[in-house]
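In what follows, a structure is listed as structure tokens, so that the remarks can point back to it.
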Amino acid sequence: MNEFPLGHRRGLTSLGLAAGLLFATPSDAATVTTATAFDGSNGAVPAQGNLLFDAQMLYGAAYAGGVADLGTIFQLPASGNASAIAIHSFSGADGEHPNGSLVADAQGNLYGTTAAGGASNLGTVFELVKPAVQGGKWTLTVLHSFTGPDGAHPAVGVSRGPDGSLYGVAYDGGNVPCVAFLGHPEGCGTVFKISAAGNFHILHTFSGFPLDGAGPGTNLVIDPAGVVIGTTNKATNSGDGGSLFTISPTGTFTNVTEFFPKARQGYPVGNIVRDPAGNVYGMTALAGGLGGPEQGAGIWEVTALSHKQLLLKILDRQVSKSGVVRDGAGNLLGTTTGSVMGAGVTGAGTVFALNAAGSAVTYVQLGTPNLAPVGGVILDPSGALWGTSSAGGQICQSSASPGAAGCGTVFKVVP
């Protein structure tokens with residue numbers, strides 16, 4: 001497969017943070033603080049994505065809350081505990097339920113997606129322009145409203161390519177029938193691009209079994225040569241496992257590999273990353289042994305040179321939707337939301353890291369104030385980890401946060 005960038009396998013080093021701090025064992029002390037607890041007016045149920053660190057400020061998306069309970073984009077000073085401020089509340093026409101990570105341009109403007117709303121209630125891509133004066137009003141522009149043939153329900157945000165274009169996926173929709181896969185009545189999904197000039201292009205429309213799979217559900221990685229790398233959560237065989245694909249700058253689509261379809265090692269979720277050698281890393285949900293129950297989260301690697309799949313670790317009886325990030329030492333970090341056994345997700349969840357030996361080390365148990373982290377973590381320049389919980393915190397009035405679950409939090413882990 002010519003479009004996948006070649007390289008050599010570069011093993012992970014001993015477990016450490018980007019700043020050089022070392023976590024040798026799970027018992028090493030780490031301090032967890034709740035930086036803010038959402039109250040509904042500023043957001044509720046932070047999205048399945050990572051926070052964005054921009055100078056001294058953190059930005060993120062909350063799936064619900066705000067003026068119309070349709071979600072917010074929020075900011076939070078990274079200098080200490082403070083209330084999150086909603087810099088935009090969605091109203092429907094401009095989108096509903098932002099979900100996924102945000103990206104910023106050189107001017108500090110933010111870009112992301114909503115899973116619904118817009119002209120056809122099928123989701124949007126938006127730009128949120130930073131005010132010229134600190135404390136001023138942010139201005140949202142809908143860059144694209146999905147209509148169905150071009151895609152539907154984007155859910156993982158957008159990525160910025162080396163040419164300044166925005167790249168993303170729509171989980172459903174497309175202009176061809178979705179063959180064999182149930183749950184995609186609007187189509188198998190699309191890969192799209194919005195150029196720096198604002199022009200929308202479909203790079204690929206998925207068509208299902210047995211051709212190219214369905215349901216692109218993780219972020220895209222754009223390599224320095226402009227190759228687009230992504231995943232589907234339904235593969236080209238029976239639908240188990242998902243696949244990793246590339247799209248070349250000239251538009252050639254290639255299915256690189258399928259994810260352990262016979263061993264039931266789950267389907268890709270959350271954030272995927274590429275290392276400098278071209279190897280790609282991520283996580284699968286609902287991983288389990290051959291013939292056994294789906295009972296864990298799998299951490300995987302696809303090597304650049306041979307495109308070999310390596311299942312680096314299964315986090316037994318854990319749920320994760322976060323995917324992974326990679327620190328300066330090459331370790332993989334993410335979150336889990338607790339046990340899959342019994343009645344759904346239980347437990348407060350953890351922040352974990354995986355080292356070169358394949359040992360998953362728990363940085364910290366997050367505790368009841370920070371329940372069910374579905375997003376991942378980021379590292380700030382000091383080496384502290386920041387993430388969000390989708391429950392916990394204070395009770396608020398939001399349709400997405402029933403009962404006493406809480407509206408969610410932003411947490412900080414200091415080694």
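The values are calculated or read from the model by the stated rules, or taken from the named source; none is laboratory data. Being a predicted model, the structure only gives us computed values, none of them experimental. Don't worry about glycine lacking a Cβ; one is built from the backbone with ideal geometry, like all the others, and counts go over all protein chains shown.
Computed values, structure above
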{"read-out": "Selection within segment 90-118 - surrounded by fewer than 20 Cβ atoms within 10 Å (Cβ to Cβ) and over 20 Å from the mean Cα position of the chain (by Cα)", "value": "91, 92, 93, 94, 106, 107, 108"}
{"read-out": "Flag for residue 202 being in contact with a Phe, Trp or Tyr (Cβ under 7 Å, 6 or more places away or on another chain) and part of a strand (DSSP E or B)", "value": "yes"}
{"read-out": "Every pair of residues 6+ apart whose Cβ atoms lie under 6 Å, when the first sits in segment 197-210 and is closer than 16 Å to residue 247 by Cβ and touching a residue at least 24 places away in the same chain (Cβ under 8 Å) while the second is buried (at least 20 other Cβ atoms within 10 Å of the Cβ) and hydroxyl-bearing (Ser, Thr, Tyr)", "value": "202/190; 205/190"}
{"read-out": "Subset tally (residues that are outside any loop (DSSP other than H, G, I, E, B) and either in contact (Cβ under 8 Å) with a residue 60 or more places away in the chain or in contact with a helix residue (DSSP H, G or I) (Cβ under 8 Å, 6 or more places away or on another chain) (or both)) for segment 35-60", "value": "10"}
{"read-out": "Extreme residue, surrounded by the most Cβ atoms within 10 Å (Cβ to Cβ), among residues of segment 36-89 that are under 26 Å from residue 132 (Cβ atoms) and in contact with a Pro (Cβ under 7 Å, 6 or more places away or on another chain)", "value": "71"}
{"read-out": "Options 162, 131: the member that is loosely packed, with under 15 Cβ neighbours inside 10 Å, farther than 28 Å from residue 226 by Cβ and of a type outside the set (A, V, I, L, M, F, W, C)", "value": "131"}
{"read-out": "Identity of the residue in segment 18-66, of a type in the set (Asp, Glu) and over 18 Å from residue 407 (Cβ atoms), that ends up modelled with the highest pLDDT", "value": "54"}
{"read-out": "Selection from segment 217-261 of residues that are of a type in the set (Ser, Thr, Tyr) and modelled with pLDDT of 75 or more", "value": "218, 231, 232, 243, 246, 248, 250, 252, 254, 257"}
{"read-out": "Residues satisfying the stated conditions in segment 205-219, i.e. within 21 Å of the chain's Cα centre (by Cα), assigned to a loop (DSSP other than H, G, I, E, B) and not hydrophobic (A, V, I, L, M, F, W, C)", "value": "217, 218, 219"}
